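Worksheet: one structure, shown below.
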Amino acid sequence: MMRTVALLFYLLMPVLTVLGENRFPQPQFESGYSMPAISVPAPRVASWELLDVLVLGGALSLAAWLILKKRSRRGVFLLTVFSLLYFGFWRKGCVCSIGGIQNVAAWLSGNEAVLPLSVAAFFILPLVFALFFGRVFCAAVCPLGAIQEMMILFPKRLPRPVSLALGMVPVVYLGLAVLLAATGSAFIICRHDPFVPIFRLGGELSVLLAGVFLLLVGIVVARPFCRFLCPYGVLLNWASRLSKWHATITPDECVKCRLCERACPFDAIRVPVASLVSESRGIGVRRMKWLLLLLVFLTGIGLWTGSRLEGVLAPINSKVKLDQVLRSNHPAVEKKYALELEAFRSGGRNPQVLRAEAEAVRRQFRVGGACLGGFLGFVFGMSMVGVSIRRSRDAYEPDRGECLSCARCFRSCPKEQKRLKP
Amino acid sequence: MSELKVTGVVQSRREFLRNFLRGVLLVGLAGMGARVMLGRRCQSAGDFDRQKLCKGCPDVAFCPSAVLSVGRKVWQLDPSKCTQCGRCATHCVLQSSAVKCVHRPAQCGYCRLCFGFFQPGATTLNSAAENQICPTGAIRRKFIEEPYYEYTIDESLCIGCGRCVKGCSAFGNGSLVLQVRHDRCVNCNECSIARDCPSDAFRQIPATTPYRLKAGTESSAS
């Protein structure tokens, strides 16, 4: 009898899963049995999220005070440890400002109706602080920066061209993340966040290994994720260039003693450049003309290439992928996506409707891809213009964009020593 | 002297541009914050009422008791879409998945031959390990009265594979469903199970009504 039932089970399973409600009547108990209640544990209460936002605001304010007013590296370091413990190991690195970019992109594009208030606060607050005080978020609040901060043991300098070229990677990452989030396809920043598996002590092995690899690289190349990968760092870099009160190396006037030259592990200290430029004005103007032409050319190339990326990028979207699989009629492909196909067929969805939805997503990718390409071309061009402009500088200064405001260089300045021990 | 003047002009021009751009960006960010604040919707006023939180504010933007909880969402799966593919057990970022099987006694038939409990090829109807469909033996079976048996789930053992759910919905009342358990779920920004769910059953739903357990209402809730 059992065997017949088993056979029936296997035969009817796909059909019956769709149905399946109340085949058997409710039993009438005579022994006075009462049904147990279903336990429904509640999610983390909202006040914890309010606490997160308050801690974020407090940590940012404290960091700004420690860096700009107190000029204390020790204080900044202690705050870094606190942030690593609170935002990293206690809150498990979620939600973070870096991932918040995607929520904001999805919300602005209309793909997500609601932007949770805490996510909005995590996205907005560090940017506002950067507009006033520089990248104080990177200095002591971000848990991803904090974990790498602990690893800076033997920092070596990278050649300037190498760090400039690697510095373009975060821009590409940012652009891709925004495009994929705005089309409702994927949250790649969250998926490839290398340190969250360490905070959670679990997760995808490949991502965990990437995190460990970055930490090891971080022993010699200081904070590699922050400088050469972090998409939120790009936004903070831009905001910090406009900062009203950015940290300075010396508390007084620079005497150009060169003592701070090697103090920065992030290579963000700019040396003085003579104010008298040796070339004539005509050469400078001609070079600028060529650079602006190059800027327009790169943007155009980007627009053209980006609009052609749809074939590569669109299948990341599950709807486009499923439509492709349905149309492929290839046994190997169908085997690989057997679960998806089974779910699609048992759900009784219409392939024509899916086709239309997938086509709408593809259209978004064509337009979005062109925007992405144009944006990248423009940023590359602008960075080339930036390197080629000779600007006079008569003191040792931190690069406002690249400086993480870590306060390491303060101590190397003799004037700071004098300030501390008058 | 003239040189000094020129640098002075350049500096102030740069300073002016910087101030202007900063102002624009600050206004933009403030506008965004205001839109987030004003765009929130109170999804379940009734639920707030039950918790004696709702004071009947005229505008949700200034709700004092739920500044952050309005518009707050958590991940949950829709049992009516779920095809019990088994990925919930393997794709969660947690070591032991946050998705567990939940038993709804009100829907249960208390059957002696339960397809959520017994392996299809089971030879005898006792709770020997080889007869059970659950790979970890997380379902407990207790005799109540002839012919009824009570089934309960030991969540510490359940891995969320959904095999019992598949059996129960195929032949039984469908009283077993998979649900994200919010005491375990860390509410990732992008749920890694949702990303790979073949039947697109995961949604972010209001944190005030975080489960989908009522029979028949699951699909209407989406």
Original post:
Amide H to amide H, which residues 5 or more places from A:Arg270 or on other chains are under 5 Å from it, using H placed in the peptide plane?
Top reply: A:Glu397, A:Asp399
Original post:
With every protein chain present, what is the per residue accessible area of chain A (1.4 Å probe, Å²)?
Top reply: 51 Å²
Original post:
Do you know the relative contact order of region B:73-215, to the nearest whole percent, from alpha carbon pairs under 8 angstrom that are 6+ apart?
Top reply: 42 percent
Subject >> Cα extents of region A:355-422 along the three principal axes, largest first (Å) >> reply: 75, 28, 10
Original post:
In nm, to one decimal, how far is the B:Ala129 label point from the B:Leu94 one, both placed 7 Å along Cα→Cβ?
Top reply: 2.5 nm
**OP:** Pairs of Cα atoms under 8 Å, at least six residues apart: use those to get the relative contact order of region A:282-388, whole percent.
**Re:** 55 percent
**OP:** Calculate how steeply helix A:2-16 sits against the longest principal axis of the alpha-carbon atoms of chain A, using the helix alpha-carbon long axis, and give the answer as 0 to 90 degrees to the nearest 10.
**Re:** 60 degrees
Original post:
When all C-alpha to C-alpha distances in chain A are sorted into bins of 10 Å, what percent of pairs does each bin hold, rounded to whole numbers?
Top reply: 4, 16, 24, 22, 16, 9, 5, 3, 1, 0, 0
**OP:** Distance from a point 7 Å along Cα→Cβ of A:Arg355 to each backbone N in region A:298-339: keep the residues under 11 Å and list them by number.
**Re:** A:327
Original post:
From the backbone phi of region B:14-27, what are the Karplus-calculated ³J(HN,Hα) couplings (6.51 cos²θ - 1.76 cosθ + 1.60, θ = phi - 60°) in whole Hz, Gly and Pro given as x?
Top reply: 4, 4, 4, 4, 4, 4, 4, 4, 4, x, 4, 5, 5, 4
Original post:
Between B:Arg112 and A:Ser346, what is the FRET efficiency for a Förster distance of 35 Å, r being their Cβ-Cβ separation, to the nearest 0.05?
Top reply: 0.75
Original post:
Quick one: ranking A:Phe266, A:Phe375 by accessible area, 1.4 Å probe, largest first, what do you get?
Top reply: A:Phe375, A:Phe266
Original post:
Check B:Gly137: other-chain or 5+ apart residues with amide H under 5 Å from its amide H, H built from backbone geometry?
Top reply: none
Original post:
So how much accessible surface do A and B hide from each other in total, probe 1.4 Å, in square angstrom to the nearest 100?
Top reply: 6500 Å²
Original post:
From the phi of every residue in region A:170-179, what ³J(HN,Hα) in whole Hz does the Karplus formula 6.51 cos²θ - 1.76 cosθ + 1.60 yield, where θ is phi - 60° and glycine or proline is x?
Top reply: x, 5, 5, 4, 4, x, 5, 4, 5, 4
**OP:** Tally up the carbon and sulfur contribution to the accessible surface of the protein assembly as shown as a whole percent, 1.4 Å probe, everything protein left in place.
**Re:** 63 percent
Original post:
Which semi-axes, in whole Å and largest first, does the equivalent ellipsoid of region B:73-215 have when worked out from the alpha carbon gyration tensor as the square roots of 5 times its eigenvalues?
Top reply: 27, 15, 13
**OP:** Taking the Cα centre of region B:73-215 as origin, sum charge times position over the Cβ atoms of Lys and Arg (+1) and Asp and Glu (-1), and report the length of that vector in debye to the nearest 20.
**Re:** 260 debye
**OP:** Measure off 7 Å from each Cα along the Cα-to-Cβ vector at A:His330 and A:His192, then give the distance between these two points in nanometres to one decimal.
**Re:** 2.4 nm
**OP:** Take A:Leu54, B:Leu77 and sort them by solvent-accessible surface of the protein heavy atoms, 1.4 Å probe, largest at the top.
**Re:** A:Leu54, B:Leu77
**OP:** Provide the net charge surrounding A:Ile147, with neighbours chosen by a C-beta distance below 15 Å and charges set as Lys +1, Arg +1, Asp -1, Glu -1.
**Re:** +3
Subject >> Sequence-distant residues sharing a close amide H with A:Ala222 (under 5 Å, placed H) >> reply: A:Lys156
Original post:
What is the magnitude of the charge dipole of the protein assembly as shown about its Cα centre, with +1 placed on the Cβ of each Lys and Arg, -1 on the Cβ of each Asp and Glu, and no other charges, expressed in debye to the nearest 20?
Top reply: 2520 debye
Original post:
When only C-alpha pairs under 8 Å and at least 6 residues apart count, what is the relative contact order of chain A, in percent?
Top reply: 22 percent
Original post:
What figure in square angstrom, to the nearest 10, would you give for the accessible area of A:Arg345 with a 1.4 Å probe?
Top reply: 150 Å²
Original post:
Over the heavy atoms of A:Thr305, what accessible area does a 1.4 Å probe trace out, to the nearest 10 Å²?
Top reply: 60 Å²
Subject >> A:Val273 accessible area, assembled protein chains, probe 1.4 Å, Å² >> reply: 60 Å²
**OP:** Could you grab the Rg to Rh ratio for region A:300-357? Cα atoms only, Kirkwood for Rh.
**Re:** 1.10
Original post:
For region A:282-388, what percent of Cα pairs sit more than 23 Å apart?
Top reply: 49 percent
Subject >> Estimated vicinal HN-Hα couplings, Hz - region B:157-171 in sequence order (Karplus 6.51, -1.76, 1.60; Gly, Pro = x) >> reply: 9, 4, 9, x, 6, x, 5, 5, 4, 4, x, 5, 6, 6, 10
Original post:
To the nearest 0.05, how large is the calculated FRET efficiency for B:Phe143 and A:Leu201 if R₀ is 51 Å and r is the Cβ-Cβ distance?
Top reply: 0.80
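The values are calculated or read from the model by the stated rules, or taken from the named source; none is laboratory data. Keep in mind it's a predicted model, so treat the numbers as computed, not measured. Don't worry about glycine lacking a Cβ; one is built from the backbone with ideal geometry, like all the others, and counts go over all protein chains shown. The protein model used for the area step is the full one, side chains on, heavy atoms only, and it has no ligands, DNA or RNA in it. Shrake-Rupley method; radii C 1.70, N 1.55, O 1.52, S 1.80 Å.
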